[in-house]
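Peer 1: After the structure tokens below, expect a handful of questions from me.
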Amino acid sequence: MDNSTPSSPITPTPPTPPSPHTKPTTYVVILIGILLLLFVAPTPYYQSEEVSCKPGQTNCPRIGWHWNKSLYQSLIGYIRYSSRSQVSQVDTPTPTPLPAETPAEWDTVSWKTYTSGMSFAFLYPPTWFVTETGSTQFPNLRIQNYDPATAPGRGYDSTQDKGKYLLSVGRLPVGDGAVYDLDQLIARLPKEGDQAYYLGDPAGQIRILKNERGIVNGFPKLIREVSYSKFTDVIENDIYLLNKKGDAIIIHMGLDAINGKKIPDQILSTFKFVEQNETANWKEYSFPNVGLTFKAPANLSVELTETKNSNTGASVGYSLYIQNNSTDIKKFYQLYGTYQNPPNTNYSEKDLEVHKQDLIPNSITSIIIDGHIGTRGQISGQRNRFVTHLLINNGFLSLFTAEPTMDNEKLSNQIIDTFKFTR
């Protein structure tokens with residue numbers, strides 16, 4: 001029998017389990033290392049095409065493998081660039097632009113005012129010259145920044161005339177008719193392809209470069225540029241202004257018209273037509289027996305014949321003739337009127353409406369003369385006349401204008417506007 005004491009069983013030591021954080025930590029370290037490598041290391045790229053250098057550039061990429069800058073280098077470069085930009089913005093003051101001209105030329109407050117015999121006024125620099133010559137029918141006004149005595153008397157020379165500015169103003173010759181709107185004006189000006197002259201020499205055919213409409217201080221304006229087939233380097237710049245009463249002026253920009261356009265344009269912007277009392281020197285006529293007074297130019301003959309009732313001798317009307325007695329039909333002017341006031345007859349607005357039926361619809365306007373209502377318009381056809389109808393108390397006055405030109409119509413309207421009725 002074995003008397004040895006049995007040994008105690010040995011309990012095995014369990015193995016130490018691995019730390020649960022060992023594997024993730026390794027991954028983080030590896031990821032951070034990769035990011036740092038991408039941040040500081042340049043990256044390769046392949047240039048497959050030739051790139052043209054810009055002026056002054058020497059490091060143009062060629063075909064083959066190349067290295068890009070690292071993200072770190074790019075970031076440092078951006079920070080330095082931003083710092084330079086901010087310093088530049090703070091330290092560099094905004095430059096003050098220098099005036100292009102002297103204050104005396106551009107300050108219109110100090111400019112002078114000129115009123116022309118052509119019924120318009122404008123402002124101009126005090127150092128400039130203004131001269132007005134010619135006749136009433138063909139006036140000529142010149143606005144220039146050089147002494148008129150030194151006028152070149154020739155066409156523009158880009159060397160000798162640089163800085164010399166000239167505006168020539170005249171009345172537009174429109175023949176027998178007046179011009180009330182730009183459509184009428186364009187219809188009377190030379191057309192594309194018409195034969196023309198430049199400084200007295202045949203210039204070939206006209207070429208219309210611009211017909212630009214506008215407004216100057218409420219008055220219609222047309223800017224027109226033309227050239228010529230024989231003088232391709234010549235461009236004529238003309239501006240037309242209408243006073244809306246039938247008259248027009250033409251403004252020609254001469255000499256250094258292109259380079260010196262700013263000041264002439266500023267002068268043109270001050271142009272205004274002015275009202276002149278054209279009837280101030282007219283002769284006054286009075287016919288108290290029929291209760292009529294009016295004014296008319298002294299060179300016109302005036303005749304009034306009263307019509308009386310053969311039984312009672314009472315006045316029942318009159319006939320009025322105001323004319324120039326010209327034998328030239330193109331220059332002939334006559335304002336012929338008849339006044340009817342027979343007994344037991346009362347004319348009214350219905351009679352005005354009846355007489356409107358003879359008038360061109362778009363020519364009819366309503367008027368008031370010395371408190372009496374009436375209409376104006378034009379009769380077309382063989383009886384082509386301008387006509388004015390007026391209700392005078394219980395009578396009816398009709399006035400006709402011949403020849404029916406726009407100038408004659410304007411004169412008749414001016415005369416009729418002076419009518420005064422005392423009975």
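The values are calculated or read from the model by the stated rules, or taken from the named source; none is laboratory data. For clarity, every value in this text was computed on a predicted model and none was experimentally measured. Counting neighbours? That spans all protein chains shown, and the Cβs are built from the backbone with ideal geometry, glycine included.
Peer 1: Is it the case that K331 is in contact with an Asp or Glu (Cβ under 9 Å, 6 or more places away or on another chain), at pLDDT 90 or above and of a type in the set (D, E, K, R)?
Peer 2: Against the criterion (in contact with an Asp or Glu (Cβ under 9 Å, 6 or more places away or on another chain), at pLDDT 90 or above and of a type in the set (D, E, K, R)), K331 does not qualify.
Peer 1: So in the stretch 205-248, with the set limited to residues that are assigned to a strand (DSSP E or B) and of a type in the set (S, T, Y), which one is farthest from the chain's Cα centre (by Cα)?
Peer 2: Among residues in the stretch 205-248 that are assigned to a strand (DSSP E or B) and of a type in the set (S, T, Y), the one farthest from the chain's Cα centre (by Cα) is Y228.
Peer 1: Cβ-Cβ distance below 7 Å, separation of 6 or more or different chains: which pairs start in the stretch 393-412 with a residue that is closer than 27 Å to Y347 by Cα and end on one that is surrounded by 17 or more Cβ atoms within 10 Å (Cβ to Cβ) and of a type in the set (V, I, T)?
Peer 2: Here the result reads S398/V387; L399/V387; L399/T388; L399/I416; F400/V387; E409/T401; S412/T401, each pair linking the stretch 393-412 to a residue that is surrounded by 17 or more Cβ atoms within 10 Å (Cβ to Cβ) and of a type in the set (V, I, T).
Peer 1: Right, something else. Restricting attention to the stretch 330-367, which residues are over 25 Å from Y180 (Cα atoms) and not in a helix (DSSP H, G or I)?
Peer 2: G337, T338, Y339, Q340, N341, P342, P343, N344, T345, N346, Y347, S348
Peer 1: Moving on. I'm told G218 meets every condition in (1) surrounded by fewer than 17 Cβ atoms within 10 Å (Cβ to Cβ); (2) modelled with pLDDT under 80 except one. Can you identify the failing condition by its number?
Peer 2: (2) is the only condition that G218 fails.
Peer 1: Quick one: which of I267, I251 is part of a strand (DSSP E or B) and in the same structural domain as F120 (by TED's automatic domain parsing)?
Peer 2: None of the other options fit; the residue is I251.
Peer 1: Do you know which residues across the stretch 322-337 are more than 15 Å from N413 (Cα to Cα) and either surrounded by 15 or more Cβ atoms within 10 Å (Cβ to Cβ) or charged (D, E, K, R) (or both)?
Peer 2: Residues satisfying the conditions are N324, D328, K330, K331, F332.
Peer 1: Restricting the stretch 270-329 to residues that are assigned to a strand (DSSP E or B) and within 39 Å of the chain's Cα centre (by Cα), which is nearest to N393 (Cα to Cα)?
Peer 2: Applying the filter and picking the extreme gives K295.
Rundown of residues vs (1) surrounded by 14 or more Cβ atoms within 10 Å (Cβ to Cβ); (2) more than 19 Å from S286 (Cα to Cα), yes/no style:
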residue	(1), (2)
G381	no, yes
E403	yes, yes
S412	yes, no
T418	yes, no
